[in-house]
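Peer 1: Sharing a structure with you now.
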Amino acid sequence: MKLYLLPGAPNPTKVALYVAEKTALGVELGLETTVLNPFKGEQKAPEHLARNPFGTLPTLEIANGDFIFESLAIIEYLEDKFPTPSLWGDTPEARATSRNIERIADVRVLNPSGGYVHAVNSPLGLEPNEVVAEYLQQSFQRGLEFINDLLADGRPLLTGEQVSVADCTLQGALQFMRFRELENLADYPNVAKWSASYRERETAKSVLIF
C-alpha cells in the first residue's frame, strides 16, 4: 500500500497520526509513504490526478490498485484490515462514543477551522474573506466548547484513557491553525491542556511539525 501525504495539512495529519498511533501499538501496516509538495503543484500533477481526480491529500493506493482519498475512509479501511488493537474501542458502545466524538472533532472543528485558516491567512495565497472567516470561526468555536466540556472530567484523552481516532482528528485541526499562527485556546483551557499533553506523545512528535 502507498500513502500520499502533505505535512501540516489537517486531513493528512489526521491520517499520519492514526498511522503513528497504530504502529506504536505494534501493528505493521506495511505502508509506503510519499510526501507531495503543494507549493510545487505536485498534488495537481497528472500522475496524482490519475490517483485522485480531486487533487487532494491524503490518498491511499491499496493492493488491488484502487485509490481511497477521503481521510476517514482511509482510516476505516486500515481498521478493517488491522482490527486489533482498535483505535475506535473494544465494544459497540465504546466504538459508537468514539465515532461520535471523532465526527464532532472533524465536522465541527477540523472542517470549519481549515476553511477559517484559508479565509484569514491562507498558505495557498487565497484572498482573505472577513465574512467567511467570522462565520467559520463561530462554527468551530461551538465544536471546541463541546470538547472543552467533555474534557472537564479530567480524562487524559478524548475518549478516556485510550488514544482514539478522535485525538488524531482534533490535533490535525489544531496543528493547521498553529501553522498560520491562528490557534487560540484561551477560552478552552481543557482543550489546551489536552493538546499540550497529546503533543508530548512520541507518536505526535514523529508527525507534528508545528
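The values are calculated or read from the model by the stated rules, or taken from the named source; none is laboratory data. The structure presented is a predicted model; accordingly, all values stated were derived computationally and were not measured. A quick note on method: Cβ atoms are made from the backbone with ideal geometry, for glycine too, and the neighbour counts reach across all protein chains shown.
Peer 1: Take the conditions farther than 24 Å from Asn37 by Cβ and surrounded by fewer than 16 Cβ atoms within 10 Å (Cβ to Cβ) and apply them to Asp167. Does it pass?
Peer 2: Spelling it out, it is not the case that Asp167 is farther than 24 Å from Asn37 by Cβ and surrounded by fewer than 16 Cβ atoms within 10 Å (Cβ to Cβ).
Peer 1: Hey, another quick one. Test Phe140 against the criterion of being aromatic (Phe, Trp, Tyr), under 30 Å from Pro85 (Cβ atoms) and outside the structural domain of Lys22 (by TED's automatic domain parsing), and give yes or no.
Peer 2: Here the answer is no, as Phe140 does not meet what is asked.
Peer 1: With the checklist (1) touching a residue at least 40 places away in the same chain (Cβ under 8 Å); (2) under 23 Å from Tyr18 (Cβ atoms) in hand, flag the one item Leu182 doesn't pass.
Peer 2: For Leu182, the failing item is (2).
Peer 1: Separate question: Inspect all residues belonging to the stretch 164-187 and state whether any of them is within 30 Å of Pro83 (Cβ to Cβ) and not in a helix (DSSP H, G or I).
Peer 2: Scanning the stretch 164-187 turns up at least one residue that is within 30 Å of Pro83 (Cβ to Cβ) and not in a helix (DSSP H, G or I).
Peer 1: How about the stretch 62-77: which of its residues are under 18 Å from Leu17 (Cα atoms) and either surrounded by 14 or more Cβ atoms within 10 Å (Cβ to Cβ) or modelled with pLDDT under 95 (or both)?
Peer 2: Within the stretch 62-77, Ile68, Phe69, Glu70, Ser71, Leu72, Ile74, Ile75, Glu76, Tyr77 meet the criteria.
Peer 1: What helices (runs of 4 or more DSSP H) completely inside the stretch 78-162 contain at least 2 residues that are touching a residue at least 12 places away in the same chain (Cβ under 8 Å), in contact with a helix residue (DSSP H, G or I) (Cβ under 8 Å, 6 or more places away or on another chain) and surrounded by fewer than 17 Cβ atoms within 10 Å (Cβ to Cβ)?
Peer 2: 130-150
Peer 1: If you don't mind, another one. Condition (residue is farther than 30 Å from Leu158 by Cα, touching a His at 6+ places or on another chain (Cβ under 9 Å) and part of a helix (DSSP H, G or I)) applied to the stretch 41-61: is it met by at least one residue?
Peer 2: yes
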